[in-house]
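A.B. asks: Sharing a structure with you now.
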Amino acid sequence: MWYFTEEQRQLAQVCKDFAQNEIAPKAEHHDTHETFNIEAFKKMGELGLLGITADPEYGGAGLGATEATIVMEEFGKACPGLTLSYLAHSMLCVNNINSNASAEQKAKYLPKLISGEHIGAMGMSEPGYGSDAVGMQCKATKADGHYVINGNKMWIPNAQFADTVYLYTRTGKDKKDLTTFIVDTKDCEGYSVSKEIHKMGMRGSPTGELSFENAKVPEENRVGNEGDSVYHMMKNLEIERLTIAGISLGIAQACVDQCIKYATEREQFGKPIGNFQLIQKMIAEMASETEMMRTFLYDSCKLWDEGKVSNTRASMVKLQLPKMATKIALDAIQLHGGYGYSREFPVERLMRDAKLNEIGAGTNEVMIMIIAKNLLKEASQR
């Protein structure tokens with residue numbers, strides 16, 4: 001990208017090389033068997049990528065949304081499922097702790113999460129509360145020096161491997177009476193992964209349901225004060241939506257690359273199918289749409305790094321990029337014909353993976369509601 005700095009270009013190349021060597025060769029295997037490439041994940045820690053936005057004093061890289069999104073794009077080209085686990089760890093757990101926790105909590109948890117010694121997750125969605133996140137019912141009750149937590153969390157990436165969970169709970173009757181905790185899963189009696197979730201796509205990202213049955217969490221593990229959770233959520237929302245869109249961009253670019261390769265190799269009627277105008281039209285449109293995605297996304301990341309991105313802008317990115325990635329992946333299957341519908345080529349996996357990003361981190365419908373509400377509110381105040 002013309003507006004990347006030299007350091008950002010170097011980061012992109014490091015991530016591209018790592019993805020080609022450590023992630024892509026095993027992507028199909030982990031998708032087929034619904035397993036986690038934990039070896040590659042641990043090596044991300046050695047590269048300093050698991051704390052991409054975290055403060056350097058805890059071992060982080062201290063970088064911004066642009067750099068985090070570069071990683072998502074490059075890894076997303078190779079294996080979106082593993083990249084989703086990377087996002088859950090680095091953005092939903094590490095970045096939240098870095099942004100909201102006390103100095104003592106950061107010193108305790110971040111070094112091991114950033115090195116890859118520990119794996120992180122975030123618990124927000126519940127079986128009965130997805131889009132209505134603030135309606136959550138997982139309850140934390142204060143006792144002598146600790147809190148007793150009861151409830152379940154659903155659709156949690158990294159659930160089966162998580163050592164540390166950044167957990168949102170209810171501590172009062174008002175809708176905004178929500179409080180955040182850091183949970184040590186290995187030392188928390190009453191905590192369990194009650195169900196493994198089998199998904200259509202993103203199968204390289206282990207996903208499960210977390211259960212808390214009279215689980216005791218020390219008061220010192222509370223992040224901030226009681227009732228701070230809504231503030232914590234809003235603080236992390238924009239970068240979460242931008243970076244998950246980076247995975248969608250990676251999927252779109254991978255589809256374009258596969259289609260160009262296939263169009264030069266596949267022959268019909270005595271010549272490569274890339275000679276036919278309909279195939280050329282499909283490739284031209286897919287490539288153009290991908291470049292539009294890239295420009296919109298990285299321009300928004302730059303604004304976030306400058307402290308200028310709005311909730312509306314981040315929601316627009318989150319709405320449009322996953323939708324476009326799914327469309328491009330479907331077009332890629334169509335271009336490949338019968339082979340595209342089979343597992344001989346990666347485009348069918350990329351299509352299955354792409355769809356998740358229209359649901360996770362806020363559905364398309366929720367993004368539409370946020371965008372329209374914000375724009376109409378701004379218009380009424382002029």
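A.B. asks: If the cut-off is 21 Å between C-alpha atoms, which lysines fall inside it for Lys308, apart from same-chain ones fewer than 8 positions away?
C.D. replies: Cα-Cα hits under 21 Å: Lys235, Lys318, Lys373, Lys377.
A.B. asks: Let me check against my output: what whole-number percent is the relative contact order of segment 92-185, with C-alpha pairs under 8 Å and at least 6 apart?
C.D. replies: 27
A.B. asks: DSSP loop (so not H, G, I, E, B), at most 14 other Cβ within 10 Å: list which trypsin sites (Lys or Arg not before Pro) in segment 73-110 pass both filters.
C.D. replies: none
A.B. asks: Any chance you could give the angle, 0 to 90 degrees and rounded to 10, that helix 364-380 forms with the longest Cα principal axis of the chain?
C.D. replies: 80
A.B. asks: Straight-line reach from Lys42: which lysines fall under 23 Å, measuring Cα to Cα and dropping same-chain residues less than 8 apart?
C.D. replies: Lys16, Lys26, Lys77, Lys106, Lys108, Lys112, Lys186
A.B. asks: A further question follows. Relative to the longest principal axis of the chain, what angle (0 to 90°, nearest 10) does the C-alpha long axis of helix 277-305 take?
C.D. replies: That helix lies at roughly 30 degrees to the long axis.
A.B. asks: Do you know the relative contact order of the chain, to the nearest whole percent, from alpha carbon pairs under 8 angstrom that are 6+ apart?
C.D. replies: Averaging sequence separation for qualifying contacts and normalising by length gives 16 percent for the chain.
A.B. asks: Helix 65-78 versus the longest principal axis of the chain: what angle, 0 to 90°, nearest 10, using Cα atoms?
C.D. replies: 60
A.B. asks: Match the structure shown to one of the listed values [x] 79, 54, 41; [y] 103, 49, 41; [z] 61, 49, 46 of Cα extents along the principal axes in Å, computed from it, and give that label.
C.D. replies: Of the listed options [x] 79, 54, 41; [y] 103, 49, 41; [z] 61, 49, 46, [x] comes from this structure.
A.B. asks: Could you work out the helix-only [θ] at 222 nm for the chain, with each DSSP H run of four or more residues adding -39,500 (n - 2.57) and the total divided by the number of residues, to the nearest 500 deg cm²/dmol?
C.D. replies: Computed mean residue ellipticity for the chain: -16500 deg cm²/dmol.
A.B. asks: Using R₀ = 51 Å, calculate the FRET efficiency as 1/(1 + (r/R₀)^6) where r is the Cβ-Cβ separation of Thr264 and Lys139; round to 0.05.
C.D. replies: Efficiency computed from Cβ-Cβ geometry: 0.30.
A.B. asks: Moving on to the next point. What is the distance, in nm, between label points placed 7 Å from the Cα along the Cα-to-Cβ direction at Leu278 and at Lys175?
C.D. replies: 5.1
A.B. asks: Run the numbers on segment 6-119 and let me know its relative contact order in percent, using alpha-carbon pairs under 8 Å that are six or more apart.
C.D. replies: Relative contact order comes out at 32 percent.
A.B. asks: For the chain, give me the percentage of DSSP beta bridges that are antiparallel, rounded to the nearest 5 percent.
C.D. replies: 85
Values quoted throughout were computed directly from the atomic coordinates according to the rules given, and no laboratory measurement underlies them. Just so it is clear, the structure is predicted and the values come from calculations on it, not from any experiment. Methodologically, a virtual Cβ is constructed for each residue, glycine included, from the backbone with ideal geometry; neighbour enumeration extends over all protein chains shown.
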